[in-house]
Amino acid sequence: MQNALTFDVEDYFNGVRTLGLYSPDIWDSFEARVDRMVDRVLAILETKQLTATFFVLGWTAERHPSLVREIASRGHEIATHGYGHELIYQQSPDEFREDVSRSKSIIEDQLGLPVIGYRAPAFSITAKSEWALDIIADLGFRYDTSIVPIIGHDTYGFANTPRSAYQVRPGLLEIPVTTSRLLRWNLPVGGGGYFRLYPYALTKRLLRKVNAEGIPAVTYFHPWEFDTSEPELEGPWLSRFRHNVNRSRMASKFGRLCDDFTFAPIRDTFREVLDSGIK
């Protein structure tokens, strides 16, 4: 089964904004490493003969316009991750609309092509921010992949939502991040810190189980996860653990994943339902 391979393109210091640790006002003072890490990811994908969807943060695209064009020139899909990496439920609807619209415009101006996909920072479309889906649809996106159908996480999770793609608003397809059913609960298995934390054999088994249900997996990674020498940032131990756990094994584990599964961008994995609509 063809699965979706995705990357959230942000620098190592952007993600901590969701925890309120570093203001965007000082982001420009950090050493930028996103360009070299994206180059590393692109080289791996070229070796594996794979293409993916890259959800680019608007703040990053604004400062690295050649990076966006380089990703697209390699045949990858470009989508947006919003502009400032703010948790949606900490924004007003007007602030959210401005953030996403700004990012979409920046990237579309650089590409000369429409951006049809959106992913929220930290998957922060939850029951508290479900209103954001109306804005995403209104801005002309064709799909969103911001919902993780789990409970118990401290920053995301939307309980009792489907595990496979569904029409969440007229004209808008929701493509949830992959989970595997375990008894009465959904276990995240889509990537990120879970991929680095789980033994690879467990990830492989759970993804095979998802595919056996007829569900394409939606995986997600970050270029900074392939960086083993970035500057150390301060923060709570849990956030530092999530950020750093098993980083040294990331490239080899990711290579095994690419060998064991078939991957493509979201636009190709879900082309049939995007073209025909889903009820």
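Brief remarks follow.
- Candidate set from region 219-260 (those that are in a loop (DSSP other than H, G, I, E, B) and either free of Cβ contacts under 8 Å to residues at least 60 places away in the same chain or touching a strand residue (DSSP E or B) at 6+ places or on another chain (Cβ under 7 Å) (or both)); member that is surrounded by the most Cβ atoms within 10 Å (Cβ to Cβ): His222
- Tally of residues being under 15 Å from Gly112 (Cα atoms), in contact with a Gly (Cβ under 9 Å, 6 or more places away or on another chain) and polar (S, T, N, Q) across region 40-80: 1
- Any hit, region 20-28, residues being in a helix (DSSP H, G or I) and under 23 Å from Met250 (Cβ atoms): no
- Residue in region 65-84 that is among the basic types (Lys, Arg), touching a strand residue (DSSP E or B) at 6+ places or on another chain (Cβ under 9 Å) and under 21 Å from Ala4 (Cβ atoms) present: no
- Checking Ile136, Ile151 one by one, the residue that is among the β-branched types (Val, Ile, Thr), outside any strand (DSSP E or B) and touching a helix residue (DSSP H, G or I) at 6+ places or on another chain (Cβ under 9 Å) is Ile136 and no other.
- Just so you know, in region 126-162 the residues that are out of contact with any Gly (no Cβ under 8 Å at 6 or more places or on another chain) and among the β-branched types (Val, Ile, Thr) include one that is farthest from Ile116 (Cα to Cα), and it is Thr155.
- Only one of the listed residues (Leu207, Leu173) is touching a residue at least 40 places away in the same chain (Cβ under 8 Å) and in contact with an Asp or Glu (Cβ under 8 Å, 6 or more places away or on another chain). That residue is Leu173.
- When residues of region 11-50 are limited to those that are among the acidic types (Asp, Glu) and modelled with pLDDT of 95 or more, the one surrounded by the most Cβ atoms within 10 Å (Cβ to Cβ): Asp35
- Any pair with Cβ under 9 angstrom, 6 or more apart, that starts in region 50-65 at a residue that is over 30 Å from Thr262 (Cβ atoms) and ends at one that is surrounded by 22 or more Cβ atoms within 10 Å (Cβ to Cβ) and aromatic (Phe, Trp, Tyr): Gly58/Tyr83; Trp59/Tyr83; Glu62/Tyr83
- Among the residues of region 115-145, those identified as of a type in the set (Gly, Ala, Ser) and in contact (Cβ under 8 Å) with a residue 40 or more places away in the chain are Gly117, Ala122, Ser124, Ser129, Ala132.
- Sole exception among (1) under 19 Å from the mean Cα position of the chain (by Cα); (2) under 21 Å from Val56 (Cα atoms) for Glu230, by number: (1)
- Of the residues in region 59-76, none is aliphatic (A, V, I, L, M) and not in a helix (DSSP H, G or I).
- Any chance Thr228 is in contact with a Pro (Cβ under 9 Å, 6 or more places away or on another chain), among the β-branched types (Val, Ile, Thr) and over 22 Å from Glu86 (Cβ atoms): no
- Within region 261-276, the set of residues being surrounded by 12 or more Cβ atoms within 10 Å (Cβ to Cβ) and either farther than 13 Å from Leu5 by Cα or not acidic (Asp, Glu) (or both) comprises Phe261, Thr262, Phe263, Ala264, Pro265, Ile266, Arg267, Thr269, Phe270, Arg271, Val273, Leu274.
- Only listed residue being crowded, with 23+ Cβ neighbours inside 10 Å, among the hydroxyl-bearing types (Ser, Thr, Tyr), closer than 25 Å to Ser276 by Cα and in contact with an Asp or Glu (Cβ under 7 Å, 6 or more places away or on another chain), chosen from Thr53, Thr60, Thr145, Thr80: Thr53
- Breaking point among (1) among the charged types (D, E, K, R); (2) closer than 16 Å to Pro223 by Cβ; (3) in a loop (DSSP other than H, G, I, E, B), for Glu86: (2)
The values are calculated or read from the model by the stated rules, or taken from the named source; none is laboratory data. Small disclaimer: the values here were computed from a predicted structure and weren't measured. Note: ideal-geometry Cβ built from the backbone for every residue, glycine included; neighbour counts use all protein chains shown.
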